[in-house]
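Inspection log for the structure reproduced underneath, given as structure tokens.
The values are calculated or read from the model by the stated rules, or taken from the named source; none is laboratory data. None of these values were measured; they are calculated from a predicted model. Using ideal geometry, Cβ is built from the backbone for each residue, glycine included, and neighbour counts are taken over all protein chains shown. We work out accessible area using only protein heavy atoms, side chains counted, and drop any ligands, DNA or RNA first. Shrake-Rupley method; radii C 1.70, N 1.55, O 1.52, S 1.80 Å.
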Amino acid sequence: MSGIDELAAAVRDVEDFPKPGIIFKDITPVLGDADLFAKSLELLGETAGGQKIDKVVGIDARGFIFAAGVAQNLQAGFVPVRKEGKLPWTTRKMAYTLEYGENVVEIHEDAVLPGEKVLLVDDLLATGGTAAAAVRLLRALDADVVAASFLIELEFLKGREKLGELPIHSLLKY
Ligand code: AMP
């Protein structure tokens, strides 16, 4: 099996979680396998296309796991975009709707400097609301968002349409 096929085989579908009708893509079996976890980080890092990345931004909470590893591999800093009320310093906020509910995300206003090259990383692109809110936050800080990369994309939810012209990469598409 190729790396991608092995990753796909490891992702577990959990029906009706966290609500009836949602098929939750459980990535914990990927994390629990040292080789698969490393492979996922390597492949996500390759989506930067060799560009020098200053900051890898991860989205609360599963996005942190992948973004932190990718940041280390790319010798970039890691920046968290968090759910409302979790960050201690001065923040920018952005509201959005997601596949199951509504949310507000925040970033520390000094986490990314103007002009810094940023790679946005999350575990899964669903409706795109979360990633679009994160991109708006980053652009409000004058960051240069070079791409958004996901382990998984639920293509039928057309999340990439919310992200405009930004290059979008996903390792596994459903
Ligand atoms: P969205 O804003 O709709 O693109 O939602 C993306 C966020 O919600 C990601 O951070 C995912 O972690 C989570 N998410 C949404 N739908 C699913 C799903 N079916 N399985 C696992 N995580 C999901």
Handout entry: Single residue of the range 122-174 satisfying the filter (open to solvent by 10 Å² or more (accessible area, probe 1.4 Å) and among the hydroxyl-bearing types (Ser, Thr, Tyr)) that is nearest to Thr47 (Cα to Cα)
Key = Ser170
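Taking the conditions exactly as written (touching an Asp or Glu at 6+ places or on another chain (Cβ under 7 Å) and basic (Lys, Arg)), does Lys93 satisfy them or not? Outline the logic, then answer.
Values: touching an Asp or Glu at 6+ places or on another chain (Cβ under 7 Å): yes; basic (Lys, Arg): yes.
So Lys93 passes the test.
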